[in-house]
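Only one structure is covered here, and it is reproduced in the block below.
Taken together, the values in this text are just the output of simple stated rules run on the coordinates, not laboratory data. Model, not experiment: these values are computed from the prediction. Cβ atoms come from the backbone with ideal geometry, glycine included; neighbour counts cover every protein chain shown.
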Amino acid sequence: MLTAQQIYNRLLDSYGPVQWWPGDEYAIMITAILVQNTSWNNVEKTVAELGERLSPKFMDSLSEEDLQPLIRSCGFYKAKSRYVKKLTAWFKGYDFEVVEVSQKPMLEVRDELLALPGIGAETADAILTYAFRMPSFVLDAYTRRFMARLGYDFKTDEERRAFLTDGIERSANMYGWYHWLILDHCKTRCGKRIKCEGCVFGDVCRKIDR
């Protein structure tokens with residue numbers, strides 16, 4: 001079976017150069033919430049409509065009721081408006097300074113994020129990696145399905161994370177690039193409907209519809 005590095009190399013050869021979550025640090029934090037249970041196209045539409053208003057000070061100035069129509073196209077806008085406000089208030093505790101957050105231990109920041117409403121492990125890890133450049137590998141449904149189809153019978157995300165980070169550079173850049181390449185692959189080929197012809201993993205994939 002392939003190692004984590006070998007999987008990465010195949011992904012990079014197929015979908016490189018690597019990409020990064022778009023936007024500044026605050027925009028990354030907020031879009032990590034907005035993308036929950038909706039398409040990235042809806043998030044892009046919302047971000048475009050907000051424009052320069054997608055800033056912590058502007059968002060902090062709004063009530064939840066004022067924010068709701070601005071993010072309506074992302075769905076679940078009432079709940080997400082509360083999540084955005086709580087995350088913004090948390091960030092305000094650091095004077096809206098990324099460097100102030102980045103100076104704290106990663107696990108401590110992760111625990112603080114997980115304590116906020118609407119932020120689970122996947123969202124917290126995405127914020128840590130892409131916004132604050134802290135190495136916390138993002139595990140999502142795409143990655144779980146991808147690993148299962150490659151034949152890795154992991155039972156927990158801790159097992160998946162341990163495998164995917166074994167032998168590769170421990171950095172936010174590497175973890176973010178790796179996660180984004182998996183997203184590219186799953187959206188291009190390895191979604192709920194698989195497109196196997198020409199796939200770089202055709203020689204090892206179990207092609208199980210999971």
Completion exercise
A chain fully extended from Glu158 to Glu65 at 0.36 nm per residue, minus the present Cα-Cα distance, gains in nm 29.7 nm
Exercise for the section: Provide the descending list of Cα extents for the chain along its principal axes, expressed in whole angstroms. Expected result: 54, 35, 31
Exercise for the section: Report the convex hull volume per residue for the stretch 92-210, counting only C-alpha atoms, in Å³. Expected result: 122
Fill in the blank from the handout: Site Lys187, offset 7 angstrom along Cα→Cβ, radius 20 Å on amide nitrogen, limited to the stretch 1-29, gives 8-29
Problem - Exceeding the 32 Å Cα-Cα cut-off - candidates Lys57/Lys155; Lys80/Lys104; Lys78/Lys192; Lys92/Lys187; Lys80/Lys192 - result: Lys57/Lys155; Lys92/Lys187
Fill in the blank from the handout: The simple spin-label model distance between Asp166 and Gln19, using points 7 Å out along Cα→Cβ, in nm, is 3.0
Problem - Cut-off of 10 Å, at most 14 other beta carbons, DSSP loop: longest stretch of the chain lacking such GluC sites (Glu not before Pro) - result: 1-96
